[in-house]
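Note sheet for the following structure.
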Amino acid sequence: MESIPVDQPVRAAAELLGRARRVVVFTGAGMSAESGVPTFRDALTGLWQRYDAQALATPEAFRADPALVWGWYEWRRHAVRLARPNPGHRAVAAIQARVPGTVLITQNVDDLHERAGSPDPLHLHGSLFAPRCSACAHPAPMQDEPADGRRVSPPECARCAAPVRPGVVWFGEALPGAALEAAVEAASSCDLLVTVGTSGLVYPAAEIPQVAARLGAAVIQVNPEQTPLDPIAEVNLRGPAATVLPALVDAAWGDPAG
Ligand code: BV8
Ligand code: ZN
């Protein structure tokens with residue numbers, strides 16, 4: 001298999017990756033963009049096109065119109081089930097296989113990292129596959145989601161009959177304590193953090209790369225665009241994750257992971 005042409009920044013990043021001992025990989029919506037999962041920046045479509053994702057992803061929106069918000073999450077879950085991990089997801093799994101103890105931290109609520117072979121990513125913002133009761137938090141079974149985006153009344157909790165909600169973290173809600181603690185711990189003790197496909201604007205998740213840099217770790221950023229993380233990155237790889245990450249793994253260890 002001929003190796004992927006390597007430009008200077010990828011070579012520099014490969015140097016860092018090749019000698020790293022404690023690695024953190026931190027991902028955002030851009031990681032799944034090439035799998036067809038819209039990022040949070042992408043305008044919403046269909047029934048939700050006149051809404052802003054950040055406004056819909058709130059307890060207030062769910063209280064105001066449960067069927068609209070539940071329908072949105074069921075539609076997103078359907079889209080993710082149709083999606084496939086991309087070569088970028090597989091390259092992340094390859095890094096975890098190559099560097100024991102690598103911690104994967106994601107803001108994404110899809111399961112594409114797991115489907116690419118990444119063991120237990122830390123989901124800071126929850127998952128589309130963990131519905132629970134909005135009152136007693138009792139886990140709820142998943143239903144057959146509608147293909148066409150439409151309003152869907154949330155099912156009732158089997159225990160207290162309150163509406164079931166998606167197992168994600170909404171704006172204004174606290175992150176899962178254990179995942180956040182483990183993420184901060186990993187960022188505080190890593191010697192390399194690779195941040196992929198995040199705009200670095202949503203807190204406290206966006207603190208993670210900052211913590212790593214503040215405590216002396218090298219930071220590699222993979223993003224086709226500039227972000228507030230540029231200044232802390234030792235190497236900025238300006239390209240799409242599904243191309244850049246396999247090139248990075250190939251340059252570091254000579255076997256393209258894609
Ligand atoms: C909380 C789950 C308090 C739901 C999500 C400090 C300062 C300012 C504001 C705040 C602050 N602290 C808290 C806040 C408020 C708020 C916040 O950060 N607001 C921002 C917008 C200003 N934070 C919160 O509300 C948090 N909770 O603070 O609670 C509290 C504390 C204790 C007790 C009670 C309460 C909760 C935040 C979590 C919200 N939930 N998701 C759902 O998915 O529906 S956030 C959601 O949006 C995602 O999970 C993700 O985190 C974020 C989107 O960001 P990205 O992933 O970075 O994606 P984005 O679309 O922005 O960018 C994509 C990037 O990829 C781009 O840069 C693009 O260039 C790049 N890209 C595109 N294609 C590719 C690519 N890169 C590589 N390859 C490609 N092919
Ligand atoms: Zn309940």
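The values are calculated or read from the model by the stated rules, or taken from the named source; none is laboratory data. On a predicted model such as this, the values are computed, not experimentally measured, just so you know. Ideal geometry is used to build each Cβ from the backbone, glycine not excepted, and the neighbour counts take in all protein chains shown. Please note that ligands, DNA and RNA were not included when accessible areas were found on the heavy atoms of the full protein model with its side chains. Shrake-Rupley method; radii C 1.70, N 1.55, O 1.52, S 1.80 Å.
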Completion exercise
Dipole check, the chain, charges on Cβ (K,R +1; D,E -1), about Cα centroid: among 158, 223, 126 the Cα furthest to the positive pole belongs to 158
Exercise for the section: With an 8 Å cut-off on Cα pairs and a minimum separation of 6 or more residues, tell me the relative contact order of the chain in percent. Expected result: 28
Practice task
Take the solvent-accessible surface of the protein heavy atoms, probe 1.4 Å, and return the percent of it on segment 101-225 that carbon and sulfur atoms account for.
Solution key: 54
Problem - Sum of -39500 (n - 2.57) over DSSP H runs of 4+, divided by residues of the chain (222 nm, nearest 500) - result: -10500 deg cm²/dmol
Exercise for the section: Might you tell me the accessible area per residue for the chain, computed with a 1.4 Å probe and given in Å²? Expected result: 46
Handout entry: residue 138 paired with residue 203, simple spin-label distance in nm, labels 7 Å along Cα-to-beta-carbon
Key = 3.8
Handout entry: Alpha-carbon gyration tensor eigenvalues x 5, square-rooted, for the chain, Å
Key = 34, 19, 16
Handout entry: Per-peptide average of other Cβ atoms within 10 Å, ordering 236-242, 133-139 highest first
Key = 236-242, 133-139
Fill in the blank from the handout: Note: residue 174 to residue 55 extended length (0.36 nm per residue) minus current alpha-carbon separation gives 41.2 nm
Problem - Projected label distance in nm at residue 115 and residue 130, using a 7 Å step from Cα toward the beta-carbon - result: 1.9
Handout entry: Cα extents of segment 1-136 along the three principal axes, largest first (Å)
Key = 52, 32, 22
